[in-house]
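Taking it in order: structure first as structure tokens, then the write-up.
The values are calculated or read from the model by the stated rules, or taken from the named source; none is laboratory data. Predicted, not measured: the structure shown is a model, and the values here were computed from it. Cβ placement follows ideal geometry from the backbone for every residue including glycine, while neighbour counts extend to all protein chains displayed.
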Amino acid sequence: MNTIASEIAATAAALVVEEGLEYGPAKRRAVKQLGLAVRTELPDNDAVEDAVREYIAVFCADTQPAELLALRQLALVWMERMAAFRPYLAGAVWHGTATRLSDIYIQLFCDDSKSAEIALIEHNVDYEPRTVVGFTGGSIEALSLSSLCKPLHEMVGIHLMVYDHDDLRGALRPDTKGRKPRGDLVAVQKLVGSDPLTVFTRTI
């Protein structure tokens, strides 16, 4: 990666951690902050993620692990609530780069695309439906809501991304780093249960 791309990635990483921006907007703002041309070639998301990990290690090592655990515990609550729709956790909360400003992204693989929305309505959950681009490249519905994260004393954005059941076939292929790109309910339970901070948080 060239020097300019590295500078963009590092600047974007700071925006991701300190302001909770997603990678795309963070890269675009980084270009603007650095005074670069609008059409400057951007680093890929893997490079930004590496820079985020470096930033966290230097500036947030004492606070980020507890924040990540709190977000994973909240994600687990919502995955259990939506268990009928085959929930998978994705994004920074799954990969371990989330901080208190990060949103939670849960992907649902439904037989009926409206079933998850109906479940929210039946349980009187306030949500906002949106159309976004999914990991398949096509448009999908996202059901966005806010949920209180008690350990952080903050409302956290929860985004339920609604996919067809058939999309699950290609969802578990390793990503460019050879990792699982998302984790199911059992995988997240293991993450939370194996975190040494879990024992501490249960005792305070």
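Within the stretch 93-143, restricting attention to residues that are small (Gly, Ala, Ser) and in a strand (DSSP E or B), the residue that is surrounded by the most Cβ atoms within 10 Å (Cβ to Cβ) is Ala142. Identify all residues within the stretch 63-120 that are among the aliphatic types (A, V, I, L, M) and more than 20 Å from Leu197 (Cβ to Cβ); write none if there are none. Matches in the stretch 63-120: Met82, Ala83, Ala84, Ala90, Ile106, Leu108, Ala116, Ile118, Ala119, Leu120.
Of the residues making up the stretch 102-119, just one is without any contact (Cβ under 8 Å) to a residue 40 or more places away in the chain, more than 19 Å from Asp166 (Cβ to Cβ) and under 23 Å from the mean Cα position of the chain (by Cα), namely Ala119.
Please state which one of Ala70, Ala90, Ala75 is within 19 Å of Gly157 (Cβ to Cβ) and in contact with a Cys (Cβ under 8 Å, 6 or more places away or on another chain). Give the steps one after another, and end with the answer.
Numbers: Ala90 fails: in contact with a Cys (Cβ under 8 Å, 6 or more places away or on another chain); Ala75 fails: in contact with a Cys (Cβ under 8 Å, 6 or more places away or on another chain).
Residue meeting the stated conditions: Ala70.
I'm trying to understand the selection: among the residues of the stretch 62-92, which are surrounded by fewer than 19 Cβ atoms within 10 Å (Cβ to Cβ) and among the small types (Gly, Ala, Ser)? The answer is Ala66, Ala83, Ala84. Which of (1) touching a helix residue (DSSP H, G or I) at 6+ places or on another chain (Cβ under 8 Å); (2) within 22 Å of Val133 (Cβ to Cβ); (3) of a type outside the set (Asp, Glu); (4) at pLDDT 95 or above does Ala90 not meet, given it meets every other one? Result: Ala90 passes all but (1).
All conditions but one from (1) more than 23 Å from Pro65 (Cβ to Cβ); (2) touching a Lys or Arg at 6+ places or on another chain (Cβ under 7 Å) apply to Leu152; the one that does not is (1).
The single condition among (1) of a type in the set (S, T, N, Q); (2) under 30 Å from Pro65 (Cβ atoms); (3) at pLDDT below 95 that Ser102 does not satisfy is (3). Which one of these does Val16 not meet: (1) over 19 Å from Lys177 (Cα atoms); (2) out of contact with any helix residue (DSSP H, G or I) (no Cβ under 6 Å at 6 or more places or on another chain)? Condition not satisfied by Val16: (2).
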